[in-house]
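The values are calculated or read from the model by the stated rules, or taken from the named source; none is laboratory data. All figures in this text were calculated on a predicted structure; none of them were measured in a lab. No Cβ is skipped: glycine too gets one built from the backbone with ideal geometry, and neighbour counts run over all protein chains shown. Heavy atoms of the whole protein, side chains included, go into the accessibility calculation; ligands, DNA and RNA do not. Shrake-Rupley method; radii C 1.70, N 1.55, O 1.52, S 1.80 Å.
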Amino acid sequence: MGRVDRAGLPVVAAPDWLGAAAFTTTRQGGSSLAPFESLNLGALAGDDAEAVVRNRNRLAAALPGAPVWLRQVHGIRVYDADGPPLGDGEEPEADAVVTAQARRVLAILTADCLPVVIAEAHGKALGAAHAGWRGLAAGVLEATLDALRQKCPDPVGWRAWIGPAIGPSVFEVGEEVRQAFVSVDAVAAEAFQPRPGVPGKWLANLPALAERRLRLAGVEVVAQSGECTFSDAQAFFSYRRDGMTGRLATLAWLP
């Protein structure tokens, strides 16, 4: 769907065919001050805690319920949001989350990394994952799909949306990053282009790497937002660009 308005907030929305509602916030519409201006939703980014609470309360108007927030560590652990409830304010340490319950809102925080939403085509199960290059190479998307298949062993099909993230024209990486992917999948080399004038450095297409891994894992339909967090400072936070900065949130729920 692209950029739309949700309860007065400008967001980037997933396609209607996904099988779930999903969108990524922009940095606009909140109350945080520089360098977190203005809709910073990350509680651990260094922003004033009260400002983050106000921003999350502002976001609540666009959601059917309270989000399941994670404490993300660039790993591959998947949290089951349908399990026993955690204590008040407690956030599980995980980089992906799944549910089979309607209107249970899953949340992923990013500021260049990939937010990936995976849904069963008829809305029977839903997952969301935080995938930087480390988590992507380690298998966080495959782990999310494994957890989803346990919840929905007879899917009609799987669909995925890759939200705003750092784009292929600006994501510079070293040879070790390239090898992390190419060593297990030679075709992944197509997602790396030599950085002009900088020997040993590559420009990596992180969304393309994620799409390939999703399709190899059995996701039939994949869409990318096409939005680059690094290149659009007006709309998005970017850790690679700014260092100290806020966090975007990708929210998803089953209808």
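Contact map, segment 139-164: residues that are under 26 Å from ARG247 (Cα atoms) and among the aromatic types (Phe, Trp, Tyr) paired with residues that are open to solvent by less than 10 Å² (accessible area, probe 1.4 Å) and part of a loop (DSSP other than H, G, I, E, B), Cβ distance under 8 Å, separation 6+ or inter-chain. Pairs shown: TRP161/ALA14. So, in segment 190-222, of the ones that are open to solvent by less than 40 Å² (accessible area, probe 1.4 Å) and small (Gly, Ala, Ser), which residue ends up nearest to GLY135 (Cα to Cα)? Going through the qualifying residues, I end up with ALA210.
Residue check: PHE237 meets all listed conditions (1) open to solvent by 80 Å² or more (accessible area, probe 1.4 Å); (2) under 23 Å from ARG6 (Cβ atoms); (3) modelled with pLDDT of 95 or more but one, namely (1). Against the condition surrounded by 15 or more Cβ atoms within 10 Å (Cβ to Cβ), in contact with a helix residue (DSSP H, G or I) (Cβ under 7 Å, 6 or more places away or on another chain) and not hydroxyl-bearing (Ser, Thr, Tyr), how does ILE108 come out, does it pass? Criteria not met by ILE108.
Looking only at segment 48-71, residues that are open to solvent by 50 Å² or more (accessible area, probe 1.4 Å) and among the polar types (S, T, N, Q) come to 1 in all.
Scanning segment 129-159 for residues that are of a type in the set (Gly, Ala, Ser) and within 11 Å of the chain's Cα centre (by Cα) yields ALA129, ALA131, GLY132. Can you give me the number of residues within segment 215-234 that are part of a loop (DSSP other than H, G, I, E, B), within 17 Å of PRO15 (Cβ to Cβ) and under 17 Å from the mean Cα position of the chain (by Cα)? Residues in segment 215-234 being part of a loop (DSSP other than H, G, I, E, B), within 17 Å of PRO15 (Cβ to Cβ) and under 17 Å from the mean Cα position of the chain (by Cα): 4 in total. Any chance segment 154-170 includes a residue that's out of contact with any His (no Cβ under 8 Å at 6 or more places or on another chain), within 18 Å of LEU216 (Cα to Cα) and aliphatic (A, V, I, L, M)? Yes, segment 154-170 contains at least one residue that is out of contact with any His (no Cβ under 8 Å at 6 or more places or on another chain), within 18 Å of LEU216 (Cα to Cα) and aliphatic (A, V, I, L, M).
When segment 4-14 is filtered for residues that are in contact (Cβ under 8 Å) with a residue 60 or more places away in the chain and either among the acidic types (Asp, Glu) or open to solvent by 20 Å² or more (accessible area, probe 1.4 Å) (or both), only PRO10 remains. Of all residues in segment 112-134, those being over 19 Å from LEU254 (Cβ atoms), surrounded by fewer than 24 Cβ atoms within 10 Å (Cβ to Cβ) and of a type outside the set (Lys, Arg) number 2.
Scan segment 173-189 for residues that are open to solvent by less than 40 Å² (accessible area, probe 1.4 Å) and part of a helix (DSSP H, G or I) and jot them down.
Filtering segment 173-189 down to residues open to solvent by less than 40 Å² (accessible area, probe 1.4 Å) leaves 173-174, 177, 180-182, 185, 188-189.
Hits for segment 173-189 are VAL177, ALA180, PHE181, VAL182, ALA188, ALA189.
For segment 1-18, residues that are under 17 Å from the mean Cα position of the chain (by Cα) and more than 15 Å from GLN234 (Cβ to Cβ) total 6.
Filtered by the rule that a residue be in a loop (DSSP other than H, G, I, E, B), within 30 Å of CYS152 (Cβ to Cβ) and out of contact with any strand residue (DSSP E or B) (no Cβ under 8 Å at 6 or more places or on another chain), segment 1-50 gives a lone residue, ALA7.
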